[in-house]
1. Do we find that Leu428 is farther than 19 Å from Gly553 by Cβ, in contact (Cβ under 8 Å) with a residue 12 or more places away in the chain, assigned to a loop (DSSP other than H, G, I, E, B) and open to solvent by less than 10 Å² (accessible area, probe 1.4 Å) in this structure?
2. How many of the residues making up region 124-162 are in contact with a Phe, Trp or Tyr (Cβ under 6 Å, 6 or more places away or on another chain) and among the hydroxyl-bearing types (Ser, Thr, Tyr)?
3. Cβ-Cβ under 6 Å, sequence separation 6+ or interchain: first residue in region 512-533 and in contact (Cβ under 8 Å) with a residue 60 or more places away in the chain and under 18 Å from Thr340 (Cα atoms), partner of a type in the set (Val, Ile, Thr) and open to solvent by 30 Å² or more (accessible area, probe 1.4 Å). Which pairs?
4. Output the number of residues of region 452-486 satisfying the condition of being in a strand (DSSP E or B), of a type outside the set (S, T, N, Q) and within 19 Å of Val61 (Cβ to Cβ).
5. Take the residues of region 437-451 that are outside any helix (DSSP H, G or I) and in contact with a helix residue (DSSP H, G or I) (Cβ under 9 Å, 6 or more places away or on another chain): which is farthest from Thr379 (Cα to Cα)?
6. For region 298-315, which positions are in contact (Cβ under 8 Å) with a residue 24 or more places away in the chain and more than 18 Å from Trp395 (Cβ to Cβ)?
7. Which of the residues that make up region 118-135 are open to solvent by 70 Å² or more (accessible area, probe 1.4 Å), outside any loop (DSSP other than H, G, I, E, B) and either touching a Cys at 6+ places or on another chain (Cβ under 9 Å) or more than 16 Å from Asp475 (Cβ to Cβ) (or both)?
8. Determine whether region 194-203 contains at least one residue that is open to solvent by 10 Å² or more (accessible area, probe 1.4 Å), in a helix (DSSP H, G or I) and touching a Leu at 6+ places or on another chain (Cβ under 9 Å).
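The values are calculated or read from the model by the stated rules, or taken from the named source; none is laboratory data. If you're wondering where the values come from, they're calculated on a predicted model, not measured in any experiment. Here the Cβ positions follow ideal geometry from the backbone for every residue, glycine too, while neighbour counts run over all protein chains shown. Side chains are part of the model used for accessible areas, which takes the heavy atoms of the whole protein and leaves out ligands, DNA and RNA. Shrake-Rupley method; radii C 1.70, N 1.55, O 1.52, S 1.80 Å.
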Amino acid sequence: MRLSFSRVATTLLCVAAAAACDVTEAPSSRNERTPEPPTGGAATDIFVDVSERVGLDFVHVNGMTGEFYFNETMGAGGAVFDYDNDGDLDLYLIQGHMQGPHAPSSDARSPAGTGPLADRLFRNDLDIRADGSRTLRFTDVTEASGIDARGYGMGVSAADYNNDGWVDLYVTNFGSNQLLRNNQDGTFTDVIEVTGTDDARWSVSSAFLDYDRDGWLDLYVGNYLDFSLETNIDCFSNVRTYCGPDNYLPVPDRLFRNRGDGTFEDVTAVAQIREYGPALGVVTADFNADGWVDIYVANDFTENRCWINQGDGTFRNTALLGGSALNEVGDAEASMGVDTGDFDGDGDDDLFMTHLGTQTNTLYVNDGTGLFEDWSLRTGLGPPSLPYTGFGTAWVDYDNDSWLDLLVVNGAVAALERLTEAGDPYPLHQTNQLFRNLGNMRFDEVTHRAGAVFELSEVSRGAAFGDVDNDGDIDVLVTNNNGPARLLLNNLDNLDGGHHWIGLRLLGHTVNRDMLGARVGVFRDDGPPLWRRVKSDGSYASANDPRVLVGLGASERIAALRAIWPDGQIEEWHDVAIDQWTTLTEGSGRPPSE
C-alpha cells in the first residue's frame, strides 16, 4: 500500500483551515465546585479547542510519499514558554519536511500557507482587562525572530542555559540539532556549533538540568536509532507498513556539561552513562531524595534507565534493581512519553509512561528512596490504555482539586487493521484520554466528559502543558503527526467556579532564571502538604511551562510555602495570596519554622 501525501494534506486542510477570531473569557469565579466534573455538550466541555479562533495556524507535515520511512511516524513535539518575558506563554511548533528521492518539490511548503516547511514561533498577545476578562491571541513571529529551523524536526526543550534571564531552545532533529540562543530582543541565534552541543544522530527528547549544582544548566540528549533513508527496509503485516524499532540498532545518548562560558563539554563517558537504548522520553527529578537531580530515560522496547546522581559527577543506573526498568511481569515495553509527579501525596516523585497498543501504560510508585513498584493495574490506569499507543503525557491537576490527574495523547505507529480495511489514507489515528485522580490510589477515565476535542481521532504525538491564559488552570498544546496543532483551553473555571489555586514562579537570586529542579511545598491548615517540582521537561519531545500551579481544592488559605532550592537551601514564605500568580525569589524567604 502506498499512501498519498496530497490526499492527506487535502484532508488536513479541510480540518485545520478556518478564519481566526478573538476568544473572550468571562471573569473568573472562585466558588467551590461540585465533586464531579459536569457532563453534557460543548457548553460543559472540560477542554475546548481554540486553535483556529486564537490564530494558531500550524499543520505538521511528515513528508510521507509511500516509502514508509521509519522516522515519518515519530514526530513531533512543541513548547509552551515565555520567550519575550512578558509574563504569558508563547508557543513553538516543530515541523518535518519532504524526504526521499520521490518527494515532490511542489509540496515543500506548509499546508497552513505559512511559507516553507520550518518550525514556527507564535507570540502570545494575551490581554487581561481590569474586570478579569481576557482575550487570547497568537501572532506568528517566526520571520521576525530570525529562527530558521528547517531540519526534520523531532522535539524541543526550553530553558535559560546562559543565565541571562531569557529562555533558550534546544531543537532535536532527525539529523543535526539546533541550540537557539535568545538574544533578548525578540530574535534568536543558532549557536549549536559554538556551544558544542550538536549530535548528528537521530535525537528525540532532551532535558536541561543542573546535575552538578554549579548554577549552570546542563543538557541531556536522548538519541533513538541508527536509521537513515538509505537503510530503510520493507516491513509487512498483511500489507506493507512501518517497521518497528527492533529492525535498527539504538545509539548512545549524550550528557553535556555547561562550562558557564557559553560552551558545553561532552561528559557522557566521564559521568559513566554507558548503557543506552532507543530513547524517546527523558525526565529529571530527585528520585531518592538525596538532594541531587537524577535522570530517567524511557526507551522503546528495551529496558528503561534510571540514572541516579552520585553527587560526584557520575551516575549509576538503578532501574533494574529499583523496579523501574521493566513492568511487573518482567517485560520491556515500548516507552514513548514519560512524566514524574507526586500523584499520591506522599512527598516523592512517581513515574508514569506511555506505551504501544496491547501494552498498558505504566505507573511506577516511588517509595521515597528511588525504589519503584508497578501499580498500573491496581490504580485502574492499565486496562483503559490497552487499545492505544500513547505518546505525550503529564501529571496535571486539571480540576485544581489538589490531586494530580493524567492526560495522554495517542496515535499508532503501525497501520491499524480496521482503518486500513476502510481505505483510510493514514490509518494510525486514535482518540486521546483523560484520567481523574480519585485521591485513593485509583483513577477514573473521564474522557467522555473531557470535551468534543477528545472525540477527534488523530495521530497525536507531543503534548506541552501550562497556563496559557494565566487564569489559574492548566491548558494543553497538542501536536499531531501530519496534522494540525491544537490548543486545548481548560474550561472548568468557567463552568462551575473551580477550586482555589496558587501559581508560583521560582527565580534564582544571583541567577535570574527559573530554578529547574527546585521543589516547592504548599502547607495548608486543612490538608497534607502538596509538593511540586519546577520543571520544563517530560511528556514526549516537548517543553512545558516551568511555573508551578498548585490546585488547593476547597482550601481558602495556605499556612506557608516552602522551597527547597537546587543547592539544598530551604526557605519559607507566609501570607502568600491564593488565586493569583506570585514570583518567589531565592533569598527573599526566611528559614523554615520546623
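1. Considered against the rule, which asks whether it is farther than 19 Å from Gly553 by Cβ, in contact (Cβ under 8 Å) with a residue 12 or more places away in the chain, assigned to a loop (DSSP other than H, G, I, E, B) and open to solvent by less than 10 Å² (accessible area, probe 1.4 Å), Leu428 comes out as yes.
2. Here the count works out to 3.
3. From region 512-533, the pairs are Arg519/Ile564.
4. Total satisfying the criteria: 7.
5. Filtering region 437-451 for residues that are outside any helix (DSSP H, G or I) and in contact with a helix residue (DSSP H, G or I) (Cβ under 9 Å, 6 or more places away or on another chain), the one farthest from Thr379 (Cα to Cα) comes out as Gly451.
6. The initial filter retains those residues of region 298-315 that are in contact (Cβ under 8 Å) with a residue 24 or more places away in the chain, namely 298-309, 313-315.
Correct list: Asn299, Asp300, Phe301, Thr302, Glu303, Arg305, Trp307, Ile308, Asn309, Gly313, Thr314, Phe315.
7. Arg123, Asp127, listed by residue number.
8. Scanning region 194-203 turns up at least one residue that is open to solvent by 10 Å² or more (accessible area, probe 1.4 Å), in a helix (DSSP H, G or I) and touching a Leu at 6+ places or on another chain (Cβ under 9 Å).
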